[in-house]
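Below is one structure, written out as structure tokens; the observations come after it.
The values are calculated or read from the model by the stated rules, or taken from the named source; none is laboratory data. Source: prediction; values computed, not measured. So basically every Cβ, Gly included, is an ideal-geometry build from the backbone, and we count neighbours across all protein chains shown. Remember, those area values only see protein heavy atoms, side chains included, never the ligands or the DNA or RNA. Shrake-Rupley method; radii C 1.70, N 1.55, O 1.52, S 1.80 Å.
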Amino acid sequence: MSEHWARTVLSMYRFAGAAAYPLIGPYVAWRASRGKEDRSRTRERYGVAGRPRPPGPLIWVHAASVGETIAVVPLVESILAYGVNIVLTTGTVTSAKVAEERLSDRIIHQYVPLDLKPAVSRFLDHWQPDLAIIAESEIWPMTILELGARRVPQVLVNGRLSDRSFSSWKKRPGVAAALFENLAHVVAQSEVDGERFRALGARPVTVSGNLKGDTVPPPADELALGLLRRQIGARPTWAAVSTHEGEEDIAANVHLALRARHPGLLTIIVPRHPDRADALAGQFAAMGLHVARRSSGDPVEPGIDILLGDTIGEMGLYLRLTEIAFVGRSLTSQGGQNPLEPAMLDTAVLAGRNVQNFREAYQKLLDSGGAKLVRDSNMLAGAVNFLLTNEAARRGMMAAGAATVAEMRGALARTLKSLEPFVQPLIVKARLKSAGGR
């Protein structure tokens, strides 16, 4: 595809986006009905600001979902320490809650505008960012084009391209090149990701490692943790976390297969999307299992089979209740979920084989012995049984996982170094403004 044709395609996208703008309302309403949108802040999705812009330099940081938000928290905190304002956008109610819990009023949180020209333009007209930092694999053509037209530097951090995304972009090399040339810098997670971005025309590209390795373990409410530990006592436990449809059924069947061998066994199931909890609770009950729902404050009594973790922002609580964690979106779904949080909280990590989105992290954990992949429900049951039975093997995996995460640290420092040419002038401007205001 020629460069001229690529730009024509992108121009068509620009006009199509404007034409489609009135049709997006039903989509936003549908997402709100599913709990993925905050009804009271829907206008922000159309670029209508919910807060005034503070004076002085301002950086726009975007992190789509929970994992990306957690990953950029240390980066955001490092920039805030220099007195530069940050507006942080996320795409879900859950990620907004994480931002509030970990950064509170130190940043301005907004929901990311829809990737359509009227919404993006309205957002940029109000916030007038001096720099845009985009986390992971968020490639929004309209947003990138509008930022480019306004000559706002854009840096992609913790950059990742999944097998599927890379394959899709490779089929449109001209479009990819015309789009990626707007990025001032790409800081990729791995050498594989770096090569993929270069192949699509991004320049310059550096490799930092995964920012998720530099995050702190997810927190837990000490009172709630103490209460649950007392209720559980010495019962054997294992967890299936960040599960997707079909994986909860697998976890329940593993419980049924193992509870005779491990009397008092408690299985902790934490679905990726808690809005599915009602259906899951009914499903487990139909299987003859007794369920305690965390959202209802149900006590984990001796007869409880399943603790259903149907709350938001309590992953640190659930992981501290066990030493074995299966990480979902890896058996019945594609891509996997982040294994580093379970590893840093001293759990032996199990997962299915579909972990492409976290390939490097899993490879390091597999090489060190901190994780094991399973091909199906029977193999998962065997792995959980083995780890419940063999304390030495379980503790060996736990120690290996924690050590691997420690070795992966350093991505934050490398990312900050790559950002320095863009952030340093804003730090100087912020300091001059502060000095002039005294």
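Pairs meeting the criteria (first residue in the range 183-202 and within 24 Å of Lys364 (Cβ to Cβ), second residue at pLDDT below 95 and open to solvent by 40 Å² or more (accessible area, probe 1.4 Å), beta carbons under 6 Å, at least 6 apart or on different chains) are Ser190/Glu360. Just so you know, in the range 139-152 the residues that are in contact (Cβ under 8 Å) with a residue 40 or more places away in the chain and surrounded by 20 or more Cβ atoms within 10 Å (Cβ to Cβ) include one that is nearest to the chain's Cα centre (by Cα), and it is Met142. Among the criteria (1) hydrophobic (A, V, I, L, M, F, W, C); (2) at pLDDT below 95; (3) crowded, with 18+ Cβ neighbours inside 10 Å, the one Val216 does not fulfil is (3).
One residue is enough: does the range 250-257 have a residue meeting the conditions under 14 Å from Arg329 (Cα atoms) and touching a Phe, Trp or Tyr at 6+ places or on another chain (Cβ under 6 Å)? No, every residue in the range 250-257 fails to be under 14 Å from Arg329 (Cα atoms) and touching a Phe, Trp or Tyr at 6+ places or on another chain (Cβ under 6 Å). For the range 234-248, a residue qualifies if it is of a type outside the set (Val, Ile, Thr) and under 19 Å from Gly335 (Cα atoms), and the qualifying residues are Ala240, Ser242, His244, Glu245, Gly246, Glu247, Glu248. Just one of the listed residues (Leu80, Leu88, Leu124) is touching a helix residue (DSSP H, G or I) at 6+ places or on another chain (Cβ under 7 Å), touching a residue at least 12 places away in the same chain (Cβ under 8 Å) and open to solvent by 10 Å² or more (accessible area, probe 1.4 Å), namely Leu80.
Do we have Arg230 as at negative phi, touching a residue at least 60 places away in the same chain (Cβ under 8 Å) and open to solvent by 40 Å² or more (accessible area, probe 1.4 Å) here? Criteria not met by Arg230.
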